[in-house]
1. Under a plain spin-label model, where a point goes 7 Å from the Cα along Cα-to-Cβ, how far apart in nm are residue B:153 and residue A:579?
2. Return the residues of the range B:141-175 for which accessible area with all protein chains present is lower than in the chain on its own by 10 Å² or more; set the probe to 1.4 Å and exclude ligands, DNA and RNA.
3. With r defined as the distance between the Cβ atoms of residue B:100 and residue A:196 and R0 fixed at 60 Å, what FRET efficiency is calculated, to the nearest 0.05?
4. When the expected Rg is taken as 2.2 N^0.38 Å, what fraction or multiple of it is the alpha-carbon Rg of the range A:174-329?
5. Considering the options B:131, B:170, B:81, tell which one lies farthest towards the positive end of the dipole of the range B:80-182, charges being +1 on Lys and Arg and -1 on Asp and Glu at the Cβ, about the Cα centre.
6. Name the residues whose placed amide hydrogens come within less than 5 Å of the amide hydrogen of residue B:87, ignoring near sequence neighbours (fewer than 5 apart) on the same chain.
7. Which residues, if any, in the range A:447-493 lose at least 50 square angstrom of accessible heavy-atom surface (probe 1.4 Å) when the other protein chains sit next to their chain rather than the chain being alone?
8. With +1 on each Lys and Arg Cβ and -1 on each Asp and Glu Cβ, and nothing else charged, work out how big the dipole of the range B:36-186 is about its Cα centre, in Debye to the nearest 20.
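The values are calculated or read from the model by the stated rules, or taken from the named source; none is laboratory data. Source: prediction; values computed, not measured. Every residue, glycine among them, receives a Cβ derived from its backbone with ideal geometry; neighbour counts consider all protein chains shown. Note: accessible area is taken over every heavy atom of the protein model, side chains too, but ligands, DNA and RNA are not part of it. Shrake-Rupley method; radii C 1.70, N 1.55, O 1.52, S 1.80 Å.
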Amino acid sequence: MAIRNSPPAGITFLLILISLQFHTASSQADDLVPRQPETSRLADLSLSDLLQLTITSVSKKEENASEAPASVYVLTQEDIHRGGLLSVPEALRMVPGMDVARINANQWAISARGFNSRYANKLLVLMDGRSVYTPLFGGVRWDIQDPLLEDLDRIEIIRGPGATLWGADAVNGVINIISKNASDTQGALISGGGGSEDRGFGAVRYGGKINDQTYYRVYGKYFDTDDTVDAAGQDSYDAWNLFRTGFRLDWKPSSENSVTLLGDYYSGTTHESTPTNFVALSMLPFFQNDLTGGNILGRWKHSFSDASELTYQMYYDHAERRSSAFSETIDTFDIDAHHQFELGERNEVTWGLGYRLIHDDLMAGSFSTYDPDSADRTVFSAFAQDEISIVPDRLRLSLGSKFEHNQYSGLEIQPAARIAFTPRPKHTFWSAISRAVRTPSRFENDARQTILFFPGADVSTRLDLVYNRELRPEELLAYEVGYRVMPRPDVSLDLALFYNVYNNLGTFEPLPASSLSGSRPPVLIIPLQFDNGMNGETFGAEVSAKWQITDHWRTSAGYTWLKMQLHLDPSSLDTTSELAEGDSPQHQFQVRSLLDLPWNLQFDTAVYYVDRLARQGVAGYTRLDARVGWRPVKNLDVSVGMQNLLDDRHSEFGQLQGVASTEIQRSFYGKVTWRY
Amino acid sequence: MKGRKPMETVWSVFYCVCLFFSCATTQGAERISATEYQAKAAFLYQLAKFVEWPVATFLDADSPITIGIFGTDPFGSDLETVIGERTAKRRRFRIKRFSEPREAKGCQILFIPAGEERRWNEVLQEIAALSVLTVGETSRFVSAGGIIGLIPAKNRLSITVNLQSAERAHLILSSQLLGVSKVRETRQAGEKN
């Protein structure tokens with residue numbers, strides 16, 4: 001394990017933490033923490049009220065997850081709150097099996113099961129049912145995903161393909177970010193704080209009630225993040241600020257119907273710098289991105305009976321990004337309906353239809369052009385799935401497939417078979433075989449981009465990426481097995497093994513060079529065309545465990561092992577794509593501890609170890625985060641967070657794909673939250 | 001290009017929100033939320049109100065209703081917190097935790113955690129002739145001769161009742177309870193017990 005620059009202060013602090021934990025754990029046993037007063041009122045609810053009661057517990061959701069035939073992990077509101085991490089991408093560090101690398105202050109590389117990069121394109125992310133996977137390059141713009149963390153109900157992470165339900169692009173995983181029902185965020189919340197890197201942040205939310213069936217909330221938030229530093233300790237140009245406001249309305253006119261309407265608007269800026277070896281004559285080394293956008297989503301659920309439910313959902317999303325280098329506007333309209341019903345005693349059928357229209361306007365910058373620069377694309381999809389209970393409560397089989405048509409690669413069929421065997425309650429073995437594809441992006445289909453420029457005295461050389469309209473989708477056939485067990489009510493274990501076989505992986509194939517006439521000195525252009533010249537296998541194991549040691553002390557741990565083997569086709573002349581093997585860590589390890597102390601104090605710590613990234617020269621690192629929370633009175637929360645306590649700074653991701661990577665510094669912040 | 005526009009927007013929204021506060025009433029009544037076992041504890045209490053035990057079940061008018069928890073207890077202190085000093089049918093509650101099937105005899109309500117179901121048949125033999133309201137957590141439990149299942153469905157709990165088992169235990173379940181419950185029958189395999 002490489003702990004760089006460990007200062008004595010860090011180690012002393014760690015020792016204090018450890019001794020404190022043991023001390024308090026032993027003195028906690030007979031300490032009575034005041035219970036929530038409303039708990040004792042539960043018994044006064046009538047039977048029918050109790051039946052309507054939404055169970056908010058961790059264990060409930062985990063229990064659902066514990067029977068699912070997939071690798072599901074749930075970050076609860078409490079995990080998010082006590083993790084002390086201030087944004088969604090950072091919070092994903094807490095999920096065993098996720099690979100989260102912060103490239104600089106406003107960029108992350110996030111993936112699961114390999115293929116990580118700034119433009120990681122095999123992970124689908126949904127925010128309250130709205131896809132935030134950008135059709136432009138097929139990835140997630142993490143710099144505009146910043147919901148109000150206090151209003152999140154949970155983040156569900158499915159590692160492995162989810163294409164049968166969620167469609168193309170859910171290749172290596174699906175992340176569902178789910179906000180609370182408006183009825184669960186009643187009252188006011190005001191929070192604010194600041195620190196060494198997160199210079200200032202604040203949020204205001206108010207939740208109210210229109211009548212017994214209708215609840216709403218409105219919120220606004222803002223943050224400003226400081227530049228990180230480069231390897232020499234100098235400030236880089238990567239500050240980030242964003243303002244966001246939004247609302248959610250939940251209306252339940254009758255027990256059969258519920259309607260949800262939500263939307264938000266954001267505006268902000270990120271600073272970006274181009275690594276020096278990328279800077280061409282015409283490229284600017286520094287530029288500012290202006291980000292604005294918004295979306296609105298409506299959902300209507302109607303239940304015909306206990307055993308039959310229909311959901312309609314519609315959303316519109318508008319995203320703009322402008323800088324001196326490039327500007328883009330993307331409008332997405334999506335409509336989706338699905339119907340779930342029980343067929344006889346043993347079958348639970350879900351089927352659905354979807355339509356998506358994407359319109360974009362891409363203003364060519366100095367180094368990239370799109371042909372055409374404005375386009376409309378449509379995606380039609382249908383899916384059906386049957387969950388058959390072969391032996392009730394013991395053996396369940398689920399069969400299903402997605403049928404999806406896109407304009408670039410035509411019809412894609414993505415089936416899956418999953419089986420779950422529960423020999424005893426709280427013991428589940430599961431296994432799955434599934435197919436998923438990553439369809440060509442707008443960039444791969446239509447763009448031409450200069451990525452390198454070497455000026456020379458006699459001849460200059462230019463490297464261009466060139467679109468390929470014949471590009472096929474990347475295909476995955478995934479084999480998974482898993483075992484989940486709760487040997488005791490306070491202990492749970494989860495093991496997943498996977499073997500993924502990929503075909504038609506993306507490569508860059510050199511085309512015959514040409515020279516640009518009329519320039520002096522002449523420019524030799526080497527075009528690299530997108531192609532499908534690679535295949536490969538990845539395999540790995542993900543283990544996670546949770547242990548509630550006492551009522552006041554909960555711990556969890558996770559270990560991930562990943563091996564990637566990529567192979568170029570004999571005909572391929574690509575020289576770089578195979579190196580992606582070295583972009584994802586082979587080992588990752590984490591331990592988290594959530595400790596309740598007397599006097600309404602909380603002390604939470606997390607240690608993450610991430611192995612080196614072989615290709616990028618990024619050393620393995622150990623990261624220690626801590627948080628102290630205090631609730632002096634019921635309405636007030638005060639917390640102090642400390643991140644990267646073990647070293648002054650370290651790099652988490654290398655300099656790839658035209659963005660300067662920087663070093664993540666040790667940081668501190670304080671935060672106050674008041675609610676009533 | 002956009003300059004400091006975000007900051008202006010922040011303040012205008014902040015202003016609107018403040019305005020909103022002053023208009024809105026201070027009713028921030030929070031809805032009750034519960035963990036799975038807090039809810040199950042409340043159910044155990046409520047169930048007692050909707051079940052008639054034979055008169056001979058209790059020693060005298062002051063005898064408490066004993067809730068037994070078999071094996072590893074998933075409630076922690078929730079059961080005590082939720083029920084508190086409440087009474088049902090003018091009887092107080094007593095909570096008994098045990099792990100030997102033969103100790104099941106003194107209970108009027110008996111909770112079998114899902115993790116203990118494999119020992120259910122042993123327990124059932126001990127209480128076969130007694131009026132014990134058995135409560136479990138899975139539909140398998142109800143099919144195997146249990147009386148009531150508190151079964152998670154999506155993010156709520158549902159009640160499943162086995163009327164044959166209730167009848168065999170000489171318990172009368174109120175129609176109010178049956179009105180909100182699903183009914184399930186004993187499966188052949190369970191019948192032999």
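1. 5.8
2. B:152, B:154, B:155, B:156, B:157, B:159
3. Once rounded, the FRET efficiency stands at 0.55.
4. Computed over Cα atoms of the range A:174-329, the ratio equals 1.40.
5. Towards the positive end, the residue furthest out is B:81.
6. When sequence neighbours closer than 5 places are left aside, there are no close amide H contacts.
7. SASA drop of 50 Å² or more in the range A:447-493: A:489.
8. In debye, rounded to 20, the range B:36-186 gives about 320.
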